[in-house]
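Asks: Provided herewith is a single structure, encoded as structure tokens, for subsequent inquiry.
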Amino acid sequence: MKIVIVYDNVATDPFKSGWGFSCYIKEKQILFDTGDNGRALLHNMELLGIDPMEIKKIVLSHDHFDHSGGLKSLLEINRDIEVFVPEGFSRFKLRGIRNYRIVVDPLEISNGCIVSGGIDKHKFEQFLMLRTAKGIAIITGCAHPGLDNILGFAERFGKVHAVIGGFHGFRDIHLLEGIDLVVPCHCTKYKKEIMEMDNSKSCQVGKEIVLE
């Protein structure tokens, strides 16, 4: 399974950077989050050979603009994309979207791809879990509910093999020591410290992450 970083704070020419996050699971035709700028998102997708018409599903972690800002641009091209949002997602931002689903409890939207829905009292943000031969790979937008809580929730589905995305203010770095692959992106406050770990890899637009 291949994950491609499509949008991030870090990018080198000819890609465009922006405040936000998005990645694409190629084999599943699932886009996770959409960054904050539709033009930059579509620019990066074109360079990466990702056709908006091939996207079947979009999972939005939460309704903050840096994760949902590019959605409109995609839906103007492909209105058939199915959009999955957490329970606390702004209903105002769903206006005009004809094909969306509110995820309350964990939902398998494709074989081996599980959307968490809001966890515990945190109904405003969700994450994606991918089943791999080595365990669960987590993709997270900002991890506002706390990466420690996200890791604990994901462990109900199996051993956590990888965690990719924004980690926000997460500082209990020792909790990442038993994970095979850690890729801190976007809003990770303690990225420098996490990148000092042997199991961490850098994140930027165009990066391809292969999960076995």
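The values are calculated or read from the model by the stated rules, or taken from the named source; none is laboratory data. Quantities reported herein were computed from a predicted structural model and do not represent experimental measurements. FYI the Cβ positions are ideal-geometry reconstructions off the backbone, even for glycines, and counts take in every protein chain you see.
Asks: Restricting the search to the stretch 174-212, which residues are crowded, with 16+ Cβ neighbours inside 10 Å, without any contact (Cβ under 8 Å) to a residue 40 or more places away in the chain, of a type in the set (A, V, I, L, M, F, W, C) and in a loop (DSSP other than H, G, I, E, B)?
Replies: Scanning the stretch 174-212 gives a single hit, ILE179.
Asks: How many residues are assigned to a strand (DSSP E or B) and either of a type outside the set (Phe, Trp, Tyr) or in contact with a helix residue (DSSP H, G or I) (Cβ under 6 Å, 6 or more places away or on another chain) (or both) when one looks only at the stretch 1-39?
Replies: Counting residues in the stretch 1-39 that are assigned to a strand (DSSP E or B) and either of a type outside the set (Phe, Trp, Tyr) or in contact with a helix residue (DSSP H, G or I) (Cβ under 6 Å, 6 or more places away or on another chain) (or both) gives 11.
Asks: Another question, then. Here are GLY96, GLY70: which of them is in contact with a helix residue (DSSP H, G or I) (Cβ under 9 Å, 6 or more places away or on another chain), surrounded by 23 or more Cβ atoms within 10 Å (Cβ to Cβ) and over 21 Å from ILE119 (Cα atoms)?
Replies: Of the residues listed, the single one that is in contact with a helix residue (DSSP H, G or I) (Cβ under 9 Å, 6 or more places away or on another chain), surrounded by 23 or more Cβ atoms within 10 Å (Cβ to Cβ) and over 21 Å from ILE119 (Cα atoms) is GLY70.
This table checks each residue for (1) under 16 Å from the mean Cα position of the chain (by Cα); (2) modelled with pLDDT of 95 or more; (3) more than 15 Å from GLU208 (Cα to Cα); (4) of a type in the set (A, V, I, L, M, F, W, C).
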site: MET1; (1), (2), (3), (4): yes, no, no, yes
site: VAL10; (1), (2), (3), (4): yes, yes, no, yes
site: ILE25; (1), (2), (3), (4): yes, yes, no, yes
site: THR34; (1), (2), (3), (4): yes, yes, yes, no
site: LEU42; (1), (2), (3), (4): no, yes, yes, yes
site: MET45; (1), (2), (3), (4): yes, yes, no, yes
site: ASP51; (1), (2), (3), (4): no, yes, yes, no
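Asks: Step by step: first the residues of the stretch 40-57, then only those that are among the aliphatic types (A, V, I, L, M) and touching a helix residue (DSSP H, G or I) at 6+ places or on another chain (Cβ under 9 Å), then the one that is nearest to SER68 (Cα to Cα). Which residue is that?
Replies: Within the stretch 40-57, the subset among the aliphatic types (A, V, I, L, M) is 40-42, 45, 47-48, 50, 53, 55.
If we keep only those that are touching a helix residue (DSSP H, G or I) at 6+ places or on another chain (Cβ under 9 Å) too, we end up with 41-42, 45, 50, 53, 55.
Details: LEU41: 11, LEU42: 14, MET45: 16, ILE50: 18, MET53: 18, ILE55: 16 Å.
Looking at the filtered set, the residue picked out is LEU41.
Asks: Any idea which of (1) in a loop (DSSP other than H, G, I, E, B); (2) closer than 17 Å to HIS67 by Cβ; (3) touching a helix residue (DSSP H, G or I) at 6+ places or on another chain (Cβ under 8 Å) is the one ILE138 doesn't satisfy?
Replies: (1)
Asks: Okay, moving on. So, in the stretch 178-187, of the ones that are modelled with pLDDT of 95 or more and not hydrophobic (A, V, I, L, M, F, W, C), which residue ends up farthest from LYS159 (Cα to Cα)?
Replies: The qualifying residue farthest from LYS159 (Cα to Cα) is HIS186.
Asks: Specify the residue that is farthest from HIS122 (Cα to Cα); the eligible residues are those in the stretch 42-73 that are touching a Gly at 6+ places or on another chain (Cβ under 7 Å) and of a type outside the set (Gly, Ala, Ser).
Replies: LEU48
Asks: If you go through the stretch 41-48 one residue at a time, do you hit one that is touching a residue at least 24 places away in the same chain (Cβ under 8 Å) and acidic (Asp, Glu)?
Replies: No, that holds for no residue.
Asks: Determine the pairs where a residue that is part of a helix (DSSP H, G or I), located within the stretch 155-173, has a partner that is surrounded by fewer than 16 Cβ atoms within 10 Å (Cβ to Cβ) with Cβ atoms under 6 Å apart, the partner being 6 or more residues away or on another chain.
Replies: Sorted first by the residue in the stretch 155-173, then by its partner, the pairs are ILE173/GLU193.
Asks: Exposed (fewer than 15 other Cβ atoms within 10 Å of the Cβ), under 20 Å from ALA162 (Cβ atoms) and modelled with pLDDT of 95 or more: is that true of ALA137 in this structure?
Replies: no
Asks: Do you know which of the residues in the stretch 180-199 that are farther than 14 Å from ALA143 by Cβ and hydrophobic (A, V, I, L, M, F, W, C) is nearest to the chain's Cα centre (by Cα)?
Replies: Of everything passing the filter in the stretch 180-199, LEU181 is nearest to the chain's Cα centre (by Cα).
Asks: To continue, here is another question. Of the numbered conditions (1) at pLDDT 95 or above; (2) on the phi > 0 side of the Ramachandran plot, LEU128 fails exactly one; give the number of that condition.
Replies: LEU128 satisfies all of (1) at pLDDT 95 or above; (2) on the phi > 0 side of the Ramachandran plot except (2).
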